[in-house]
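Enquirer: This is the structure I have questions about; it appears just below.
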Amino acid sequence: MMQLTHSPSSPFVRKALAAAIETGAAERLTLVPTDPWNPDDPLPHTNPLGKVPALVVEDGSVFTGSTLVAEYLDSLHDGRKLFPAEGAERWRALRLHALADGMLEAAVARVIEQLRRPEDKIWQGWLDRQNQKIRCTLDAVEALAAAGELAEEPTIGELALACLFGYLDFRFPDVAWRSNRPALTDWNAVVQARPSLRETQPVVPQ
Ligand SMILES: N[C@@H](CCC(=O)N[C@@H](CS)C(=O)NCC(=O)O)C(=O)O
């Protein structure tokens, strides 16, 4: 079995896990409950960066970060690829992924600022910067969705975007990301019904 460090609230873990389900690798995974914020957690022995997710495979090799984990799992099967091999579809998927992943980084930075920092040290200007990145990028992705450029069968780009929407609903219900973004709203309603996303919804760690 392969081992995946797991935290139920992390959108990056969700991306890796959704990729495992989409590629048929999920039954080969053992989930290792991990709290990256607990200094006693052994996570740094697996991933010196101290972040989830990381995947330890049968020969002991470690794959760190959701994108590398997803690409490795995608290499293990012969079906439809999350990372298209070449051509326009590959670059479309990777360009979308870069935007979605950038928004995930901004959303997680906002959560860290709000939940992890002492209240008197919270930097409002930093929060505003993260919000602006998310808002502007959502508008750009809405234009892609309206132009029919989001795939029905998800690549890694669509999976990351779906994980972002789940995370915004989970952490920032106040953001109202659906407002004025009808194409993304409709697309999200369809994609969230996939088993890979239904089975990986974020929850607050116990
Ligand atoms: N680029 C990484 C980001 C992973 C990440 O930021 N994970 C967060 C949880 S959502 C974490 O472990 N944070 C702990 C820390 O930053 O020390 C990926 O794609 O996996």
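Enquirer: How much of the accessible area of the range 87-195, probe 1.4 Å, is carbon plus sulfur, in whole percent? Before the final figure, lay out each step's value.
Expert: Details: 3060 of 5640 Å².
Ligands and nucleic acids excluded, carbon and sulfur reach 54 percent.
Enquirer: Give me the 1.4 Å probe accessible area per residue for the chain, excluding ligands and nucleic acids, in Å².
Expert: Working: 10710 Å² over 206 residues.
For the chain, the solvent-accessible area averages 52 Å² per residue.
Enquirer: Only Cα pairs under 8 Å and at least 6 apart count here; give the relative contact order of the chain as a rounded whole percent. Working shown, then result.
Expert: Numbers: 261 pairs, mean separation 52.9, N = 206.
Taking the mean separation of contacting Cα pairs over the length of the chain, I get 26 percent.
Enquirer: Here is a follow-up. Taking all protein chains in place and a 1.4 Å probe, what share, in percent, of the accessible surface of the range 2-74 do carbon and sulfur account for? Intermediate values should be presented prior to the final figure.
Expert: Working: 1830 of 3270 Å².
Of the solvent-accessible surface of the range 2-74, carbon and sulfur hold 56 percent.
Enquirer: What's the FRET efficiency of Glu119 with Asp174 using the Cβ-Cβ distance as r and R₀ = 22 Å, to the nearest 0.05? Present the calculation step by step, with values, prior to reporting the outcome.
Expert: Values: r = 18 Å, r/R0 = 0.82.
Computed FRET efficiency for Glu119 and Asp174: 0.75.
Enquirer: Step by step: find N for the range 126-206, compute 2.2 N^0.38 Å, then divide the Cα radius of gyration by it. What's the final number? It would help to have the intermediate numbers written out before the result.
Expert: Working: Rg = 12.8 Å, N = 81, 2.2 N^0.38 = 11.7 Å.
The value comes to 1.10.
Enquirer: Please compute, over every Cα-Cα pair in the chain, the percentage with a separation greater than 26 angstrom.
Expert: Details: 7034 of 21115 pairs.
The calculated P(r) of the chain puts 33 percent of pairs beyond 26 Å.
Enquirer: What percentages make up the Cα-Cα pair-distance distribution of the range 51-125 when the bins are 5 Å wide from 0?
Expert: In whole percents, the pair-distance histogram is 3, 13, 16, 18, 15, 13, 10, 6, 5, 2, 0.
Enquirer: What figure in square angstrom, to the nearest 10, would you give for the accessible area of Lys51 with a 1.4 Å probe?
Expert: 130 Å²
The values are calculated or read from the model by the stated rules, or taken from the named source; none is laboratory data. Since we're looking at a predicted model, the values are computed, not measured. Every residue, glycine among them, receives a Cβ derived from its backbone with ideal geometry; neighbour counts consider all protein chains shown. SASA here: full protein model, heavy atoms, side chains in, ligands and nucleic acids out. Shrake-Rupley method; radii C 1.70, N 1.55, O 1.52, S 1.80 Å.
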